[in-house]
Structure formats: structure tokens, C-alpha cells
Amino acid sequence: YRWIHSLVFTIEEINRSNFLSNITLGFRIYDSCHLKVRAIEGTMSLITAVIGADYSVISMPVARLLGIYHIPQISHASSIGLLNNKEEFPSFFRTIPSDEFQSIGFARLVLHFGWKWIGLLADNSEYGQQGIQTVKWEIMQTGACIAFSEILASISSKKINNHVIEVIKTSSANVIVVFANVGNAIPYMDELVRQNITGKVWLASDGWSINRYFSRKEYVRTLSGTMGLTIRKGEISGFLEYLFNVHPSKDPNDIFIKEFWEIAFDCKWPEVNSNPSVTNELTINTKPCTGEENLRELNDDFLDEANLRYSYNVYTAMYAVAHSLRDMNTCKPGEGPFLNRTCANIRDFEPWQFKKKEFTAKHLNHNNEWTDATECLKCPDDQWSNELQDQCIPTTVEFLAYEDAVGATLAVFSIFCALLFFTVLCIFIKYRNTPIVKANNRELSYLLLLSLVLCFLSSLVFIGQPKTWSCMLRQTAFGIIFALSVSCVLAKTVMVVIAFNVTKPNSNLRKWVGPKLAISVVLVCTVIQIIICIVWLASAPPFPTENMKSQIGTIILECNDRSTIAFWCVLGYMGLLATISFVVAFLARNLPDSFNETKYITFSMLVFVSVWLAFIPAYLSTRGKYMVTVEIFAILASGAGSLACIFFPKCYIILLRPDMNKRESLMGKSK
């Protein structure tokens, strides 16, 4: 009913503004009752242009008929993709997007959240069936799988209802797309509420996504977390005040207003010359309508100005007609769109002339001005449509740059930590002959410190615009350098354990004492990682790519690792080394104090493993430059953990407590 008043309001606004000089628009409203036959019957009495219908199933036969006579039809709500076919529907236009965009939207949601197991439900109308088929295809293109696809019957029988409900209950799919009109969705959703089926994420099409019926209290548990798509809303200045003035006494020719009034205020108009007993019964069961009811007190969709979606589409459709008539009225001979640049006669024109004039310009901007465009054109890959959808603008390019605040901060911190580690290395070299440095295998300490300096510097490769060389170097350099550092920690742990146990009588470990074992552990463990990286680069090398799908209007420049298996093998192997080091160090933590480095290694590896375990979900849930930021943070945090746990205590003794850096002190602790 509000859509009807949107049309009336727009026509009155156009007539008042003298937008069409010396021309007054009229209208005839015909109720199709959602029946194709009645819609076609009403169409035959309409001449210049048709606004409507709402349901696609009604618009399709009307559009076929109007196409024969070249009479333009503009729908505000028929969104089915089939209506895009200009060979079958040459005179059909609309101010609502095609359902194809909804289908792409659902696929984008699935891709964004990383869902892989999706259920599909659709009613058996053209809207539902064509829409869900497109959704299915788009979702499968993202790599997700379809758990089930069921039809919601228009008139739900108990058998079909139970079957669909049973499928939903027993399926392991927790994300379900429902492409249906509200009338077909309600009985199934009511049954889900009755059976208390919860824990599902519902993706709702515009046919039911914003309907107030589902905002009732009993739906909260079942539909919690539901996401829906709908068309954009618009603003119609003065429309709300116009609606407040709707009243039966002011609109006696409005055949719908009494029925609307009864539904809105839950009352009944007394029938003229009605039976007194019937009147008394009416008073008891239902309050009578008096006409004193106030629309301003009504909490209903009718007065929801903040939600003008389809009403705004009606408003836009009517202005399309008005602009076309004005263009026809102001056409100058020699500048017209017809043969020999002639113009049509505004007082006597053919429908095909009006159609051609009307839709040589069909985009309404914010000033109610129409831009010339005979068809929608796809923007180039590096551009996208502006908010008004009347021109292509450059797409935002995103990557973690040094100029970015986050990128600059990470770069500065990386260099600072590298310099700090290098300073520690210099301290260890300067005090290389002191007991605390010699007691903890100084050669391995040098190598560990050098590898950690390189770890911090390797994070700089992740910052900046991805190039072929940087993409190939990022993960491989990081994996090899970190494997080297963890191998050094493992070798130090093993050497501490051997050094303690070799003092036992008849120990067979004496032959393993010396630098050869440490070098062998580091070399073997690092070479394995090098082999993994070489295989990765040889079989599926990473490369720079432009991601245009993750974020609309943004091109994300990123490295495509190409082989997910190789990436997780590199990370997994590094985690394996860290876990082994942690376990060995933990078991050896109670060695005498002169060999207590195992305690520090235990804490170091605990920090390392914790950081990278937290890295996995964070990395998988982010996109673009934030994914790179997460990995750099993990590199810096795990490296800093090694510095704090292993080397800070030693630096404290070397620099601030030199009295403890004596052989007697160390030996004294072990007694």
C-alpha cells in the first residue's frame, strides 16, 4: 500500500513542480491480486507506460505482452535474472538490481568467512529456483561444497515440511542460504522455532531478510547470527508528512484505504444498514473504526521512513517516465533520436518512440538528473563504479607499504631488534673468554645470535609492494633462517644434556662431546628445511597477484603462495624442531646451575610455540596487508622471546654483575 502512495506522491510532486510544462500526469492503479490473468487484463487498459509489478512471476507475462507493442514497463521489485533477456523482454526495465548480484553477494560472504559446507533452500518460484541455481554456481566457484539443496513448497504440506526440517536437523552444515519470498519462508521458520533448532547461520535473500515478522521474540534463538541481503535505501523528501495525511475522509476514491485502516489499527468499519445484532457482535469481538485513529502513533512499516527501499524504487521509476516525457517535450527538430534526427509529437506519439526516448537515459543521480547511458558497462579491472554508479573511478590499491603507519612501525621495530641482537653478539664476542659465555657453547651462541639478526631483517622483505623476487624470498628465507635459529637452540640443549651426563661413570656419551655434534645437528636440521624450500620453489614458486575479490572496491596486492601444502610444511617443520627443543629442555631443566641454560631455553621455546600456535587462526582469518602484518608480528614476537629468555639474563651478569661471571661463582652454584 505504501508503494501505491509512493507512486501517487511522486506524480503529485512532478505535477506541482511544473517539471513537465503544460503537461499533467495521470495514473490508473490496477490490483493484480498476484494473479497473472488479472495482471494481463489490467495491462490492456494501460497505454503510455507501466510501473510494476512487484513479483517477478507477475512481471514476466506482462513484459512479454508489452514487448509486442513496445510499451515500456518499469518494475520496482521484480529482480529475477531471466528478465535481463532483451530478446524475450525488449520493453522491460527496472529500478532494482538483478538477483545475480545477490548470488554474487552470498558467494562473497562465504568466501570472506571461509565457510566450506553450505546448505541451500529455495521456494519453487522462478525467483527462488533461478536465484538458488546462481548462488550454487557462485559458491562452488569459491571452493566451498554444497551439503544439500532443498525446495520449500509454496503451499507447504506436512510431508515436505518434515522432510526439509529433518534435512536441516541432521545435516552437519551450519551455514544455510534461503532464497525465498517471505510467505514461503514463514511456515518453515515457524517449524524450526517450534522444534528449537538453533546454532545455524542463515543467509537470507531480499525476499524475507528485512521482514518484521522475523524480529519477534520467539525467533531470537533460531535466527541469531542471521545475515541478509537487501536493496539500498533512498530518501524521499516530504514523503513521511504526506503519509501522515492519508485518511479515509480525504481519499474517498481510494478503494484500498479502508482495508488498510482496518489492518493497521485492528478495527472494523461498521457496514451501512447492517443488522444490529451483527453490529453488537462486531463491537464485542473487534473494536469499530472511527476515523479518529492517528497514523502518527502507528508503529508499522508503512511509516518507516528510514527503510525506504522499494518505495524509493517506485519514486525513481516514475521520475524515469517524467524525464523521458520532458525530453520528448523539449526535443528540437534536427536533434531528435529518430529518423533524420526528427522528434516525436508529445501529443501524439507511438509507444516505441516513448520507449526509445525514455531509455536513452536511464540513470538518475542525486539531483534527479539523468545521465546519458544506453546500457550498463563493466568497469575495467583496475576501476569500479562510484556510489552513484554513473562513472568508473580508480580502485584503491592496498598492500603493506613502508609509508603506511603499520608498515613503518614494523620496519622500525624490526631494525631496532636486529641492532639489539647485533649489540648482544658484539658483547658476547668481547667477553668470549668469560666463564658464562664459554660455559654455554659460545660458537652456537654466536650462530644463534646471527641467525636471529637475520630473522628480524627477513621481516623487511614482507613490507612493500610484492614483486616476483620478494614473493619467492619471503617464506623461504624466513623458513630457512628460523630453522637455523631453532636448530641452534636444539643443538645447545642437546650439548647441555650430553655435557652433564658425560660426567657419570662408564658413560658412552664421552665420544659425542665436542663441536662436531653441535655442527652436525644444526647442519642436518637446516638442510632439511632448505630441501623443502627448494622443492617448493621448483614445483610451485610463489608469485605476486592482484586480489580483486576479497574486498569490493579494493585491489589487494599480495603474494600467492601457490602451494598451501609447501607453506604449512615449512611452518610445520619449524614447529617440530621447536617442540623437540622444548621437550628436551624441559626434561633437562633440573641440571646443576652451571648448566641451567636449559631453563631459559624452555621458556624461550614455550614463547616460540605459543606465538606460532596463536599465529595460525589469526593468519587464516585475515586478508591482504593484515595477513602480512600478522606474520611479521609472529616473527618479531618469537624472535624477541628468544632474546628475552636466553640472552638477557647472561647480558645482565656480564654487564651489571661481573662478580658472578667467574668460574668460582658458577662452580659454587653447582655445589
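No value in this document is a laboratory result; all are computed from the given coordinates. Predicted model, so just to flag it, every value in this text is computed and none were measured. Here Cβ is always computed from backbone atoms with ideal geometry, including for glycine, and neighbour counts include all displayed protein chains.
Among the listed pairs LYS116/LYS136; LYS36/LYS258; LYS430/LYS492, those with a Cα-Cα distance over 18 Å are LYS36/LYS258; LYS430/LYS492.
Across every pair of different alpha-carbon atoms, what Kirkwood hydrodynamic radius in Å does the range 433-666 reach?
Working: mean 1/r = 0.0522 Å⁻¹.
One over the average 1/r among Cα pairs gives 19.1 Å for the range 433-666.
Loop-resident trypsin sites (Lys or Arg not before Pro) (DSSP state other than H, G, I, E or B) in the range 93-181 with no more than 14 further Cβ atoms inside 10 Å of their Cβ: LYS116.
From the cross-link list LYS233/LYS332; LYS599/LYS662; LYS625/LYS650; LYS86/LYS169, which pairs have alpha carbons spaced over 31 Å apart? Could you put the intermediate results ahead of the total?
Working: LYS233/LYS332 36 Å; LYS599/LYS662 20 Å; LYS625/LYS650 37 Å; LYS86/LYS169 42 Å.
Listed pairs above 31 Å: LYS233/LYS332; LYS625/LYS650; LYS86/LYS169.
When the P(r) is computed for the range 99-228, the part past 22 Å accounts for 28% of the Cα-Cα pairs.
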